[in-house]
Amino acid sequence: MSRKTIVVLTGAGISAESGISTFRDNNGLWRNYRFEEVASPEAWKRDPGLVLEFYNMRRKKVFEAEPNEGHKALVRLEKAYNVQIITQNVDDLHERAGSSHVIHLHGEIKKARSTVDPSLIYKLNHWELKLGDKCEKGSQLRPHIVWFGEPVPEFPKAINIARKADIFIIVGTSLNVYPAAGLIHYVPTAAPKYYVDPAPQSTSTVCGLEIIAKTAGRGLPPLVDRLLSVADPQT
Ligand code: NAD
């Protein structure tokens, strides 16, 4: 018998217990700019130095952070299920915890991209990306991030994965940022669905959703134990 597929949609909340602020925490707090005002193509045009500084501060935090019990619990699911993580996060804490299949809808903060050739993507081994740091074609590097107003190239792949979910888990997202928030509507109606978040949003239009109003670190380990205990044997 083939393994069941669990698809997990994660948001900023799963990394909160690792010390990385959520989107809402950031709102209005960073040098009096709103998140959207420094995470957009317009901001990059207006003041690339400011945008780089914003991401440098965030990247530094990510380099310092460690995966928490929530990230680690999702790795254990792989003992008995095909697990596909679709994250809105730009950190690499799922990968560092050991998850095998992770799609980043909104990019990856530890990577930089050419501004003339988007296929040129570079891994950053240090938190700082500066004005004057260039790709091999001589153009300025930008953060490898999907900014507000930009297309989400990984979304079609995410839709295909969501359609194949036998079980769907949502963790730590306010379900405010589209298109990611709409992914649940592609999940088969019959698939059991769970939502782990200490302050869950209204999801009254989603049927069969079990809400676990706890942090990722407290809510995910028991949920994972429960799912492992009902997994098909020998898979
Ligand atoms: P959001 O800030 O809008 O919502 C965060 C959600 O996490 C809230 O519902 C909150 O109740 C919940 N939460 C807070 N602490 C939690 C915990 N300990 N465990 C579980 N849940 C907890 O974030 P979002 O919905 O992910 O959307 C924000 C956007 O900002 C995303 O697109 C993402 O790319 C970006 N972002 C990413 C990071 C990161 O990479 N770590 C951090 C901040 C923002």
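The values are calculated or read from the model by the stated rules, or taken from the named source; none is laboratory data. Small disclaimer: the values here were computed from a predicted structure and weren't measured. Using ideal geometry, Cβ is built from the backbone for each residue, glycine included, and neighbour counts are taken over all protein chains shown. Note: accessible area is taken over every heavy atom of the protein model, side chains too, but ligands, DNA and RNA are not part of it. Shrake-Rupley method; radii C 1.70, N 1.55, O 1.52, S 1.80 Å.
Just a few scattered comments:
- Residues being of a type in the set (A, V, I, L, M, F, W, C), touching a residue at least 12 places away in the same chain (Cβ under 8 Å) and part of a strand (DSSP E or B) are represented in region 29-42 by at least one member.
- Being closer than 25 Å to TYR186 by Cβ, small (Gly, Ala, Ser), within 16 Å of the ligand (Cβ to nearest atom) and touching a residue at least 24 places away in the same chain (Cβ under 8 Å) is not true of ALA80.
- Yes/no for ASN68 being within 14 Å of the ligand (Cβ to nearest atom), touching a residue at least 12 places away in the same chain (Cβ under 8 Å) and touching an Asp or Glu at 6+ places or on another chain (Cβ under 7 Å): yes
- A residue that is farther than 24 Å from ILE20 by Cβ and crowded, with 16+ Cβ neighbours inside 10 Å cannot be found anywhere in region 212-226.
- Here ARG59 does not qualify as open to solvent by 40 Å² or more (accessible area, probe 1.4 Å) and in a helix (DSSP H, G or I).
- Screening region 181-207 for residues that are open to solvent by 60 Å² or more (accessible area, probe 1.4 Å) and more than 14 Å from the ligand (Cβ to nearest atom) and picking the one that is farthest from PRO156 (Cα to Cα) gives SER204.
- Segments classed as strands (runs of 3 or more DSSP E), wholly inside region 160-235, with at least 2 members that are in contact (Cβ under 8 Å) with a residue 24 or more places away in the chain: 167-171, 193-196
- Hits in region 136-162 (condition: among the polar types (S, T, N, Q), open to solvent by 30 Å² or more (accessible area, probe 1.4 Å) and farther than 16 Å from LEU183 by Cβ): GLN140
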